[in-house]
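J.: What follows is a single structure, and I will ask about it in a moment.
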Amino acid sequence: MRVIVVGAGILGASAAYHLARAGAEVEVIDAAHPGKATMAGAGIICPWASQVDNPAWYRLSAASAKYYPDLAAALVDAGEAENGYRRVGALITSEKPEDLVAAERRLRTRHNDAPEAGTISRLGNAEARRLFPPFRDDLEAIHVSGAARVEARAFSAAMLKLAAVHGAVHRNERVSLRRERDRAVCIGADGRKIDGDVVIVSAGAWAPEILGPLGIDLPIAPQKGQILHFGLPGVDTRNWPVLLPMNSYYMLCFDDSRVVVGATRETGSGFDYRVTAGGQKEVLDFALSFAPGLRNATLLETRIGFRPAGPSYLPMLGPARRIEGLLIGNGLGAGGLTMGPMAGRLLAEHALGQKTSLPLGLRFLTTASSAAARARAPAHRRRGRPRQSR
Ligand SMILES: Cc1cc2nc3c(=O)[nH]c(=O)nc-3n(C[C@H](O)[C@H](O)[C@H](O)COP(=O)(O)OP(=O)(O)OC[C@H]3O[C@@H](n4cnc5c(N)ncnc54)[C@H](O)[C@@H]3O)c2cc1C
């Protein structure tokens, strides 16, 4: 079986890895757009603390968080020890004591079915600051020992490298798709046809553009995130936990004395690849409010990523209706570095004709004639609920 994977963020990289390891002939094609979400993402893996209560979202997130340690161990066994995954725990905190009570209740309930979340314990401020020294001196926290963080650039690169070991070919190219009879055909930048039994489109926020000519109106739009990296020279931050203050912001550390603070959520941003004054201020205000100990840190860089976000923020995984051999993975939104490894595995299982480890969410995909699609406005400008294909 020959599979073309269009888009090699965390989702496409995982699909390629699982397919190639299972013996499929794989070609991965990635345009490396500026703002590729996987290159900018933070990498917090702690779905058990999330306030998102949609069962489909939680099921995939929790399954992927559970799968991560096994997958990371498989990468290590195959020679990819520097894959960026580390179980460092998380501190959940809030300025509102009642939110912390609700968070602890939610965590303990979810923990019943997810022992991999580890130990859940209430910490006083001194204990919290011992784990995360820049933390402010007036808040308590809940510690979740099983939480992890992943440096997604390294993790995706490790999966792609091992896919190549199993024979996958990787190309840096921007491709398009064309419908020929009932099949999707992949077309290279030079107009050549790239044949495959299955085409997986894991093209993130850019997917509507490539699926439109097939008559697929994917309700996905880029949601820009600006995320700041600080350096603390000479400080060993490797085992500092993730800090989650129960709003849309957070902090985590990378291994090289780096504290990463995120992020803006700019719905309706389009592909505006700029660091803005407002974005910097928003994230800096949060950083210095929750971690005043960062006041003297070096501001190293700001990364920008476009989260592939749908109207319901739910993952969209499954085959397109009425187009043979076309599989779509998208909609991972703000949780894609958590969900990506399992989501990619599910796409690979489906492509291989296997029973998938979890059900795929097919209902968001919709197909129409190419002429109708051409007549429509771009998906990201359209409003309303996605139509259901089933
Ligand atoms: C600031 C920020 C912080 C985040 N933090 C977290 C976090 O802490 N935890 C978490 O779980 N998630 C987080 N996320 C979300 C996560 O990063 C995304 O959901 C995830 O990376 C999406 O992966 P993807 O593979 O679907 O898309 P992408 O990583 O965007 O990859 C899509 C790829 O498809 C390629 N492509 C598109 N069109 C074509 C074409 N025509 N031809 C060839 N290639 C094409 C693009 O060039 C790109 O490389 C964060 C995101 C951002 C922006």
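J.: Of the conditions (1) among the β-branched types (Val, Ile, Thr); (2) touching a residue at least 60 places away in the same chain (Cβ under 8 Å); (3) out of contact with any Ser or Thr (no Cβ under 9 Å at 6 or more places or on another chain); (4) within 18 Å of Ser202 (Cβ to Cβ), Ile323 satisfies every one except a single condition; which number is it?
T.: The number of the failed condition is (3).
J.: Still on this structure, I have one more. If Asp195 satisfies every condition in (1) loosely packed, with under 14 Cβ neighbours inside 10 Å; (2) under 16 Å from His18 (Cβ atoms) but one, which is the exception?
T.: The single condition Asp195 does not satisfy is (2).
J.: Identify all residues within segment 1-38 that are out of contact with any His (no Cβ under 6 Å at 6 or more places or on another chain), small (Gly, Ala, Ser) and away from the ligand (no atom under 13 Å from the Cβ); write none if there are none. I'd like the intermediate steps shown before the answer.
T.: Taking segment 1-38 first, the residues out of contact with any His (no Cβ under 6 Å at 6 or more places or on another chain) are 1-19, 22-27, 29-38.
Then keep just the ones that are small (Gly, Ala, Ser); that gives 7-9, 12-16, 22-24, 31-32, 35, 37.
Within segment 1-38, Ala22, Gly23, Ala24 qualify.
J.: May I ask you to list the residues in segment 39-71 that are touching a Lys or Arg at 6+ places or on another chain (Cβ under 7 Å) and either at positive phi or within 9 Å of the ligand (Cβ to nearest atom) (or both)?
T.: If the condition is that a residue be touching a Lys or Arg at 6+ places or on another chain (Cβ under 7 Å) and either at positive phi or within 9 Å of the ligand (Cβ to nearest atom) (or both), then Met39, Ala40, Gly43, Ile44, Ile45 are the ones that fit.
J.: Do any strands (runs of 3 or more DSSP E) entirely within segment 134-187 hold 1 or more residues that are over 28 Å from Ser121 (Cβ atoms), and if so, which?
T.: It comes to 169-172, 176-180, 183-187.
J.: Can I ask one more? When you scan segment 11-26, how many residues do you find that are closer than 16 Å to Val201 by Cβ and open to solvent by less than 10 Å² (accessible area, probe 1.4 Å)?
T.: 7
J.: For segment 44-85, how many residues meet the condition of being out of contact with any Asp or Glu (no Cβ under 6 Å at 6 or more places or on another chain), more than 18 Å from Ala114 (Cα to Cα) and either at pLDDT 95 or above or crowded, with 22+ Cβ neighbours inside 10 Å (or both)? Write out each step before concluding.
T.: Of all residues in segment 44-85, those out of contact with any Asp or Glu (no Cβ under 6 Å at 6 or more places or on another chain) come to 44-65, 67-83, 85.
The next check asks that each one be more than 18 Å from Ala114 (Cα to Cα); those that pass are 72-83, 85.
Filter once more, keeping what is either at pLDDT 95 or above or crowded, with 22+ Cβ neighbours inside 10 Å (or both): 72-81, 83, 85.
Of the residues in that region, 12 qualify.
J.: Something else: Could you please let me know if Ala309 is within 11 Å of the ligand (Cβ to nearest atom), open to solvent by 40 Å² or more (accessible area, probe 1.4 Å) and either within 24 Å of Trp206 (Cβ to Cβ) or under 17 Å from the mean Cα position of the chain (by Cα) (or both)?
T.: Judged against the criteria, Ala309 is not a match.
J.: Now, a different point. Quick check on my filter: what residues within segment 167-182 are out of contact with any helix residue (DSSP H, G or I) (no Cβ under 6 Å at 6 or more places or on another chain), touching a residue at least 12 places away in the same chain (Cβ under 8 Å), open to solvent by 50 Å² or more (accessible area, probe 1.4 Å) and of a type in the set (D, E, K, R)?
T.: Once the filter is applied, which keeps residues that are out of contact with any helix residue (DSSP H, G or I) (no Cβ under 6 Å at 6 or more places or on another chain), touching a residue at least 12 places away in the same chain (Cβ under 8 Å), open to solvent by 50 Å² or more (accessible area, probe 1.4 Å) and of a type in the set (D, E, K, R), segment 167-182 yields Arg171, Arg174, Arg178, Asp182.
J.: Specify which of the listed residues (Thr276, Thr338) is among the hydroxyl-bearing types (Ser, Thr, Tyr), free of Cβ contacts under 8 Å to residues at least 60 places away in the same chain, surrounded by 15 or more Cβ atoms within 10 Å (Cβ to Cβ) and within 16 Å of the ligand (Cβ to nearest atom).
T.: Of Thr276, Thr338, the one residue that is among the hydroxyl-bearing types (Ser, Thr, Tyr), free of Cβ contacts under 8 Å to residues at least 60 places away in the same chain, surrounded by 15 or more Cβ atoms within 10 Å (Cβ to Cβ) and within 16 Å of the ligand (Cβ to nearest atom) is Thr276.
J.: Only residues that are closer than 22 Å to Pro308 by Cα, within 11 Å of the ligand (Cβ to nearest atom) and of a type in the set (Val, Ile, Thr): list them for segment 235-273, please.
T.: Answer for segment 235-273, where residues must be closer than 22 Å to Pro308 by Cα, within 11 Å of the ligand (Cβ to nearest atom) and of a type in the set (Val, Ile, Thr): Val260, Val261, Thr264.
J.: While we're looking at this one, here's another question. Tally the residues that are assigned to a strand (DSSP E or B), buried (at least 18 other Cβ atoms within 10 Å of the Cβ) and of a type outside the set (D, E, K, R), restricting the search to segment 226-273.
T.: Keep residues of segment 226-273 that are assigned to a strand (DSSP E or B), which gives 226-231, 242-244, 250-254, 258-262, 266-267.
When the remaining residues are screened for being buried (at least 18 other Cβ atoms within 10 Å of the Cβ), the result is 226-230, 242-244, 250-254, 258-262, 266.
Next, from what is left, pick out any that are of a type outside the set (D, E, K, R): 226-230, 242-244, 250-254, 259-262.
Residues that pass the stated criteria total 17.
J.: Something else now. Regarding Gly293, is this residue touching a helix residue (DSSP H, G or I) at 6+ places or on another chain (Cβ under 7 Å) and touching a residue at least 60 places away in the same chain (Cβ under 8 Å)?
T.: Criteria not met by Gly293.
J.: Take the residues of segment 321-335 that are assigned to a loop (DSSP other than H, G, I, E, B) and at pLDDT 90 or above: which is most open to solvent (accessible area, probe 1.4 Å)?
T.: The residue in question is Gly325.
Rundown of residues vs (1) within 14 Å of the ligand (Cβ to nearest atom); (2) over 24 Å from Arg258 (Cα atoms); (3) crowded, with 19+ Cβ neighbours inside 10 Å; (4) aromatic (Phe, Trp, Tyr), yes/no style:
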{"position": "Gly118", "(1), (2), (3), (4)": "no, yes, no, no"}
{"position": "Ser121", "(1), (2), (3), (4)": "no, yes, no, no"}
{"position": "Asp137", "(1), (2), (3), (4)": "no, no, no, no"}
{"position": "Ser145", "(1), (2), (3), (4)": "no, no, no, no"}
{"position": "Phe155", "(1), (2), (3), (4)": "yes, no, yes, yes"}
{"position": "Leu160", "(1), (2), (3), (4)": "yes, yes, yes, no"}
{"position": "Val165", "(1), (2), (3), (4)": "no, yes, no, no"}
{"position": "Ala184", "(1), (2), (3), (4)": "yes, yes, yes, no"}
{"position": "Ser202", "(1), (2), (3), (4)": "yes, yes, yes, no"}
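The values are calculated or read from the model by the stated rules, or taken from the named source; none is laboratory data. All values derive from a computational prediction rather than experimental measurement. Reconstructed Cβ throughout: ideal geometry from the backbone, glycine too, with neighbour counts over all protein chains shown. Just the protein is used for accessible areas: all its heavy atoms, side chains included, with ligands, DNA and RNA removed. Shrake-Rupley method; radii C 1.70, N 1.55, O 1.52, S 1.80 Å.
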